[in-house]
Amino acid sequence: MRNLRKWEEEYMQYKMGTRQKEMKEIQEKLNNKSASKEEYDKLMKMKKVEANIDKVTNILELKNSISEQIKEIEEELIRRQGSKEKTSEQNKQDEAIYKEAQAISLELASIEADKEKVKAELKNKNLSAEERENLNKKLVELDNKLQENNSKYTKNFEAIQNIETRKPESKPVMKTNKFSSLSNEELDKKKFDLSTKISKCNMVAGNLMKGMNWDSIDIKLEKWQDKKYVPKDGKPLTDKPIITLGKKDLETKKEENVIEKSENKELVKPNKIMMWMQENKDKHRFTYNFLNKFYNEEKYPRMYNLINKITNTKEPEEVKKEEKVVEVTQKVQEQPFKEKREDFDKYLKEVANKGLKTIQQEKLSQAKEQAKAREEQKFNKTAGTKTVAQEEEQDEEMEQE
């Protein structure tokens, strides 16, 4: 077990009530006007530290949570290494079995060649009785060797059959878990990042135990220099972008509107809708007819605008907005690590003030509210589409009348 850091030892003194007892004694001296300047300063500092104890407790809870994540990653890496070593050992055993098969085949060929040679010699009518007897003994020995060879062949054949049976599974099969999609290098980097967060937890907790307020700690966080991750193989690990804005829009940013001709009139449709209509013309006939009929800005302006709003379709005049999105996205991608660090700094402060469980409950409640809002928005859009469609149909009927 590792030795406690100085601030951890001090924290334990407050949790056990030792420091509170000392504070009470100094306070009594102050009340009796017998305390020294040093004792007064010490009491003031201890009161500041005492006010931070709950924050330190919350940070330690977060630190333990991160430590558990590191432990899980380490266990996964060990499991993978064990699986790799097991596979390597199995491959060696399989290779030995195949080599044994070759040796058995060579031995069989040698025995059969010797037998043929002895049989040929026995056909010689000029052999003496002693020579014939020796050759017959040699033939018996070769037959015994042949039986041994057949026995070895049978066992070897069964071993090879077992290899062939599991051949499709010869590669290590990883159990499906939350790390399955990550490579060893990515896991190693994740572990490194988590270790950096633990170092930051230690720094913040240590300063809180010195009686510092959060304004002073914020300054230290701003000056914090993250260590750079260096892969074990020395090759740089490409970091995936943290945030991607307007991805679908950016991919079709410079595409021009395509003109689709109908029987009645030439309709101008943005690429997104036009492509969907072409791809789903047969599969979604009702929706295709609906769009083909109502996606007409002149005849059905309200329906035209509603479809644009629902599908988030961009018209040519919105190119400037797209360019703005590109600019924002580029800025986000230029400073991913800085934003990631600032996000954790903010999160660390929230945890210190509220506690890990409270933050988790707030996030869960927020997620439920967002899901509920999405469902309501989806319902309102569907209802709105039907209402506008009905109004447009009524307008069309009145025009026909």
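Quick note: the coordinates plus some simple rules give every number you see, no bench work behind them. Model, not experiment: these values are computed from the prediction. Glycine gets a Cβ as well: all are built from the backbone with ideal geometry, and neighbour counts include every protein chain shown.
Full extension of the chain between Lys86 and Glu68 yields a length gain of 3.8 nm, computed as 0.36 nm times the residue separation minus the alpha carbon distance.
Taking amide hydrogens as placed 1.01 Å from N in the peptide plane, the amide H of Ala35 sits under 5 Å from those of Leu30, each at least 5 positions away in sequence or on another chain. Once the chain from Asn32 to Glu376 is taken as fully extended at 0.36 nm per residue, the excess over their C-alpha distance is 117.1 nm.
Remark: the range 128-143, residue by residue, has Karplus-estimated 3J(HN,Hα) of 7, 5, 5, 5, 5, 5, 5, 5, 5, 4, 5, 5, 5, 4, 5, 5 Hz, where x stands for each Gly or Pro and the curve is 6.51 cos²θ - 1.76 cosθ + 1.60 at θ = phi - 60°.
Cα-Cα over 21 Å: which of Lys21/Lys48; Lys47/Lys346; Lys197/Lys228; Lys99/Lys155? Checking Cα-Cα distances, Lys47/Lys346 exceed 21 Å. Each label point was placed 7 Å from the Cα along the Cα-to-Cβ direction; for Tyr347 and Asn3 their separation is 3.3 nm. Qualifying GluC sites (Glu not before Pro) in the range 128-168, where qualification requires a DSSP coil assignment and no more than 10 other C-beta atoms within 10 Å, are lacking entirely.
If the segment from Ile160 to Gln360 were pulled out straight at 0.36 nm per residue, it would be longer than the present Cα-Cα gap by 66.5 nm.
Between Leu60 and Arg79, the modelled labels are 3.1 nm apart [label points 7 Å from Cα along Cα→Cβ].
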